[in-house]
Amino acid sequence: MASDKKLLGKSDIISYISSSSDVSKKDADLCLDLFLKFIGESLKSGSSVGINRFGTFKVSERKARKGRNPKTGEELLIPASYSVNFKVSNGLKDLLNGK
């Protein structure tokens, strides 16, 4: 598994859903879009999103900090920002490790 470095994307997910069920690619695309929108809006509102046997998405805040421009060495202020963290569940860990 680790040697397979292919990046799968949205179209791969849609094809998988469509071929594994009686759902058209158009409907699978709509469902995936709604799912991603739900996660994004939930995180933006301050909620975490947990998916059983998969993991939890959570927003973390990065404080403003000093940094350096790598080209010039000039010191600069990196502004505060938000980031999304993902914590994998034990169920997904077990799947990856063949348990």
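The values are calculated or read from the model by the stated rules, or taken from the named source; none is laboratory data. Predicted model, so just to flag it, every value in this text is computed and none were measured. Neighbour counts run over all protein chains shown; Cβ positions are idealised from the backbone, glycine included. What goes into the accessible areas is simple: the full protein's heavy atoms, side chains included, and nothing from ligands, DNA or RNA. Shrake-Rupley method; radii C 1.70, N 1.55, O 1.52, S 1.80 Å.
Show me 23-30, 34-41 ranked by packing, highest mean number of other Cβ atoms within 10 Å first.
So the peptides 23-30, 34-41, ranked by packing, come out 23-30, 34-41.
Over the chain, one equal point on each Cα, no solvent: what is log10 I(q)/I(0) by the Debye formula at q = 0.11, 0.23 Å⁻¹?
Result of the Debye calculation: -0.57, -1.21.
For the cross-link pairs K44/K71; K6/K93; K26/K87; K6/K99; K5/K93, which exceed 22 Å when the distance is taken from alpha carbon to alpha carbon?
Check vs 22 Å cut-off fails for K44/K71; K26/K87; K6/K99.
Using only Cα atoms, tell me the angle between helix 10-19 and the longest principal axis of the chain; keep it within 0 to 90° and round to the nearest 10.
20
Rounded to a whole number, what % of the accessible area of the chain do carbon and sulfur atoms account for, probe 1.4 Å?
Roughly 56 percent of what the probe reaches on the chain is carbon or sulfur.
Express the accessible area of the chain per residue in Å², computed with a 1.4 Å probe while the remaining protein chains stay in the model.
Per-residue value: 86 Å².
Give me the angle, in degrees from 0 to 90, between the Cα long axis of helix 25-44 and the longest principal axis of the Cα atoms of the chain, rounded to the nearest 10.
In the chain, helix 25-44 runs at an angle near 40 degrees to the longest axis.
With only Lys, Arg, Asp and Glu charged, each at its Cβ (+1 for the first two, -1 for the last two), find how big the charge dipole of the chain is about the Cα centre; round to the nearest 20 debye.
500
Work out the charge dipole of the chain with +1 on the Cβ of Lys and Arg and -1 on the Cβ of Asp and Glu about the Cα centre, then indicate which of V49, S18, S81 is farthest towards its positive end.
Of the listed residues, the answer is S81.
Pairs of alpha-carbon atoms within less than 8 angstrom and 6+ residues apart define the contacts here; what relative contact order does segment 1-85 have, in percent?
After rounding, I find 17 percent.
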